[in-house]
1. Give, in nm to one decimal, the length gained when the segment between Ser380 and Asp311 is fully stretched (0.36 nm per residue of separation minus the Cα-Cα distance).
2. Any chance you could give the angle, 0 to 90 degrees and rounded to 10, that helix 384-397 forms with the longest Cα principal axis of the chain?
3. Sort Phe318, Phe262 so the one with the fewest other Cβ atoms within 10 Å of its own Cβ comes first.
4. Over all directions, how big on average is the projection of the convex hull of the alpha-carbon atoms in region 529-680, in square nanometres?
5. Expressed as an acute angle from 0 to 90° and rounded to the nearest 10, what is the orientation of the C-alpha long axis of helix 211-223 relative to the principal long axis of the chain?
6. Report the residues of region 450-482 in range of a label on Ala84: point 7 Å along Cα→C-beta, backbone N strictly under 18 Å from it.
7. From the square roots a ≥ b ≥ c of the eigenvalues of the alpha-carbon gyration tensor of the chain, which class results: rounded (a/c under 1.5), prolate (a/b over b/c), or oblate?
8. Return the distance in nm (one decimal) between the two label points of a simple spin-label model at Asn187 and Ser413, each offset 7 Å from Cα along Cα→Cβ.
Amino acid sequence: MDKNQIIITSALPYANGSIHIGHLVEYIQTDIIARALKLAGEDVVFCCADDTHGAPIQIKAQQLGITPKELIDKSSVEHQEDFASYNIKFDSYYSTDSKENKFLVNSVYKRLKDKDLIYEKEIELTYCENCERFLPDRFVKGSCPKCEAQDQYGDVCEKCNQTYETVDLVKPYCTICKSTPIRKNSNHLFFKLSTQADILRKFLTENNLQKEVVNQIMNWVDEGLKDWCISRDAPYFGFKIPDSDKYFYVWLDAPIGYISSFTNFLGGDLDKAEKEWNNSKIIHVIGKDIMYFHLLFWPAVLANSEFKLPDEILVHGFLTVNGEKMSKSRGTFLTAKEFLDYADPELLRFYYAANLSRTMTDINLDLVDFTNRANNELVSNIANFMFRTLSFLKKNYDGKIIESEPGLSPDFSETINFYKTYELRKAVNSILAISSEGNKYFQEKQPWDLIKTDKEAAHRVLSTCTRLVKDLAIILKPIMPVFAANIEKQLNLGNQNFKDLESDLNGHQINQPQILYRKIEEVKIKENKFSKLNLKVAEIKDVSNHPDAEKLYVIKLDMGEERQIVAGMKPHYPKEDLVGKKIIVVSNLEPVNLRGVKSAGMMMAASEGEKVGFLYVENAKPGDQVLVDGANPNPDQIKFKEFQDIELLVKDKVPSFEGKPFKVNGESVKVDKDIINGKIS
């Protein structure tokens, strides 16, 4: 086995949702690094897998009316299609719900237990009496106990990165039913993380980690580490802990998925995988939101289970769009598939690379800047130089290359070093500078005039530029593999690597050149107007007459929380026909006073002629979300006029938006009364 082998990984995408453009930052970043290392002659294995366990998987599958296995299989296909669309090429893409991962998790657990690093104790947990279950981290929200940021999950604050227990949250609520949970005791298994400070300090100081990352993690170590609960109560989708009624916490088995994915690369040979893992260089690429798990729990577990610790952990920042957090209401929360409607995927690879450095700084996808950089840097600088050179050579010299002349021989070693040190922004800037040098040389030599007086000299100029075209294609290959392959095809060359940089092409003949990129129009996101809405199921608890309006009812609702609305349904329904119905409410409508009574939302109804019927469901729970395909709920309040601008219709008795039916956890929304085609308001 080659002891210089490199195993590089991206964090495992969770199997209950689509890949979005924020996720793509990491996978594109890792893919570029892996491709660059391979082109430099390194033996690289790029591993990843779907993260498939945990309560969210089990609950989402239940909502969709399918099994967790069906959900993760569906997600795996979708994820891999998305990655392929952006030319992200894994050597192994696997699943944490695999026989190899189960074996490795049990093996790691046994080794930790044999070292007396696992113990059991009774703890107080968050329990929802309404849902009749202990609430996992992602299903309880509240205010952070440290910085008081609201709407934070039960394990880590996204504002200050502080970790805590679910019972530490201030004003907690169940994200499933919105009720206030209680505290309840349960026995659980713990890993003695508190004993690992010395091991972690050694790991943090002796490896090639970002200084800002080391400082933050070291602060957590110095503050004193708490033991880590590695078990979860049923119901839970995951691996059962041997000799226990509990399940392994997803954050124990998920990172072990890196090793099981590498095992999959080796054909399932577990013994060989452990041996080669321990003799390889390990590089993890992750987002700053999961540093705690990867730089505390993971190295501590590895160090005590006879597996090699990572050599490098590269941490990147979050993605913003147009300077703001990705927004569902503004349409900037785009899936990987949706962004394909706006631009060539390799343009996004180029843009991300041009903004990525070896820091945790957030990356901003400025769509005006995206357009300008694509047009001015990629098209006008690089692609234009390539096409001018190759088309001139083909037209005037039948594509034949002769000996190049001195004077245009840039050094690519610096660019290669930028790739190896993960400074992708510097690599892009270096490539652009070299291409600019080529454009300057072409302009100064003026081959279109030189050919009139010295045809051979013009031929040497074009041959020199063609060699640079070849070199630019090679050095761009990690970022834009398809573009580079197309240039190689035009050059009539096979698959090139970094060793082929600056090689001579004397006597070679190129194929017919083609324009690969033209300037693009400014990228403008199409707003999905439905995503301005936050529609929820609400059960009517009480109906009373409005004190000052003849046609209005005052309606008390259970929407996972108590809510009052005013609705003009009095001419259409007696009170007793409404009580107990599960209706659909626009929950994020700005509260207003209607004839002196506050209304916090709007009851949705359809009309056709004189007929008016409310929208309803039968099986969904109060607080459940109403969606259409391709839309996401908006947490922000909207004004009534904004709601009026959204055309919602009943077509063939089906409430819909742009032909897409309203759904609640797979259940179709219906219209009371026989309304075939009408308007919803």
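1. Numbers: separation 69, 0.36 × 69 = 24.84 nm, distance 4.00 nm.
That works out to 20.8 nm of additional length.
2. In the chain, helix 384-397 runs at an angle near 40 degrees to the longest axis.
3. Numbers: Phe318 17, Phe262 25.
Lowest count first: Phe318, Phe262.
4. Working: hull surface 32.8 nm².
Averaged projected hull area, Cα only: 8.2 nm².
5. 40
6. Backbone N within reach: 481-482.
7. Working: a/c = 2.63, a/b = 1.41, b/c = 1.87.
Because a/c hits 1.5 or more and a/b fails to exceed b/c, the chain counts as oblate.
8. Using points 7 Å along Cα→Cβ, the separation is 6.5 nm.
Read-outs: derived from the displayed coordinates by stated rules, not from any lab. It should be emphasised that the depicted structure is a prediction, and the values quoted were computed from it without experimental measurement. Heads up, the Cβs are rebuilt from the backbone with ideal geometry, glycines too, and the neighbour counts pull from every protein chain shown.
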